[in-house]
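These notes concern the structure reproduced below.
The values are calculated or read from the model by the stated rules, or taken from the named source; none is laboratory data. Quick caveat, the model's predicted, so the values are computed rather than measured. Ideal geometry is used to build each Cβ from the backbone, glycine not excepted, and the neighbour counts take in all protein chains shown.
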Amino acid sequence: MTPFAMQELQVFFSDEGDLAAGCWDRDSHVMRAAVSEHRRDLLELTAGVLAPLAPDHVAAVIRCYDEKVYAARDSDKATVSRALLMRPSTRERLTAWQNRTGIGASSAEDRWFTPVREVLDLVPRIVGDDIGDASESDMKSVYRELGRLSGPLNTQSTDEDPFEDWLNALSLVGTATFQSRPDFDPSTLEPIPYWNARRIQIAVGLAQDARADAAKNFRLAHPETPLPVDQERLEAEVVFRRAERQRIRMRALDAVAILMDPILSAAEALTARMEAERTAAATLKATSRIAVPHPGALPYGASPRGAELWVRDLLRHLGATEAEVTQQSSDGGVDVICKDHLVSVKHYSGSVPVEEVREIFAVATLEGKLAAMWTSGALTSAGVEFAERASIAVVHYDIETGTHEAVNSAGLVMLAEVAHG
């Protein structure tokens, strides 16, 4: 809304407030109730005009009315007829004002289902040839407009609400839009996506707030009267309301489509491209993987260090070509490091105590990796229980025969992930 239109709207509310102030009589319950009802009617009748405004602008407009009425709070004699505050009179003045100013003179309902032109003009900067030129403020404007346009959908009881799908598409496209402008993690100073989880969460919150506000205002502008008691009229009213809700739903979906169709198409293309890149990367890795032979039996002897080297070589043979052994001291229980796992190798015939199982889990968690326990023996019952609860991969190996076997489901998952890269 232009500054001129905003000023005209404030003047209209101020004039209505003057009229209500003239009807105020602190000693008359009837007159006080008439003023209260007039205020409610005024907000309902102008809901379509107020809907596109930001919440603080709506509050400023309403304040023009309230300040006039508040100034007359001590009046003990009404000077204006209560009839002027009745809904038909208020609607008549509103229509005359709209005809004079041209503000909201079109169908009030159309305003709920017409995307703001300024926001539509931002979409090509997000998904078109000028991709990358959009600002964070541009993205937030699109999120807000999505929330506003989908507000009428939030007034209906239905499981078919694609709001979350729209938000996901916006988040994906936003990440691509800002991919050439990385942000930095303040704790590590490492580059992270600019359109990261924190900024997406803020933008989603703006969309959700705008949607809730629009739904509330839409209900005010389209109040439903009590259902009739007469059975025949009741059935007809139910049919009418069902059809009306479907009509509103279709109008809202059409309005959102104007805004979101280019973004949904871009998100679909991005998803297809990302899937193709993942497939190509997996194929390249599979075809370029260096064939590492099986270590066989006892290549390094039967010592604990020999067992660690054997586990490393076996993991390389299985597919984890990046596997490396750690130094033999101050390793925190970690003996072999893979891309996704930290492995503790326990080479003795007894049972591994739960304390050592907890140790590898704690270190792996701290490093952001998965924990694995490879043992030539077994785990104590407490160790088995903890490994199950913490999803620690447990694998039994025998370097004398050159064999290995997953002990639990997490162990099976680890071997499968290593084999598939």
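Below are the figures for this structure:
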quantity: Residue within region 257-269 that is farther than 30 Å from Ile126 by Cα and of a type in the set (Asp, Glu) present; calculated: no
quantity: Conditions (1) over 22 Å from Thr321 (Cβ atoms); (2) among the β-branched types (Val, Ile, Thr); (3) outside any strand (DSSP E or B); number of the one not met by Val413; calculated: (1)
quantity: Cβ pairs under 9 Å, 6+ apart, first in region 264-278 and touching a residue at least 24 places away in the same chain (Cβ under 8 Å), second of a type in the set (D, E, K, R) and exposed (fewer than 13 other Cβ atoms within 10 Å of the Cβ); calculated: Leu264/Asp165
quantity: Residue within region 281-294 that is at pLDDT 90 or above and either closer than 30 Å to Thr375 by Cα or in contact with a Cys (Cβ under 8 Å, 6 or more places away or on another chain) (or both) present; calculated: yes
quantity: Tally, over region 106-142, of residues that are within 30 Å of Leu42 (Cβ to Cβ), at pLDDT below 80 and surrounded by 13 or more Cβ atoms within 10 Å (Cβ to Cβ); calculated: 4
quantity: In region 390-400, the residues that are touching a Ser or Thr at 6+ places or on another chain (Cβ under 7 Å) and surrounded by fewer than 17 Cβ atoms within 10 Å (Cβ to Cβ); calculated: Asp398
quantity: Residue list for region 11-40, filter: assigned to a helix (DSSP H, G or I) and aromatic (Phe, Trp, Tyr); calculated: Phe12, Phe13
quantity: Residue in region 297-304 that is part of a helix (DSSP H, G or I), more than 30 Å from Asn168 (Cα to Cα) and under 39 Å from the mean Cα position of the chain (by Cα) present; calculated: no
quantity: Residue count, region 20-30 (criterion: crowded, with 21+ Cβ neighbours inside 10 Å and not small (Gly, Ala, Ser)); calculated: 2
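So that you can scan it fast, the table gives a plain yes or no per residue for (1) aliphatic (A, V, I, L, M); (2) over 41 Å from the mean Cα position of the chain (by Cα); (3) surrounded by fewer than 21 Cβ atoms within 10 Å (Cβ to Cβ):
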position	(1), (2), (3)
Ala364	yes, no, no
Ala371	yes, no, no
Ala378	yes, yes, yes
Ser381	no, yes, yes
Glu388	no, no, yes
Gly402	no, yes, yes
Met414	yes, no, no
His420	no, no, yes
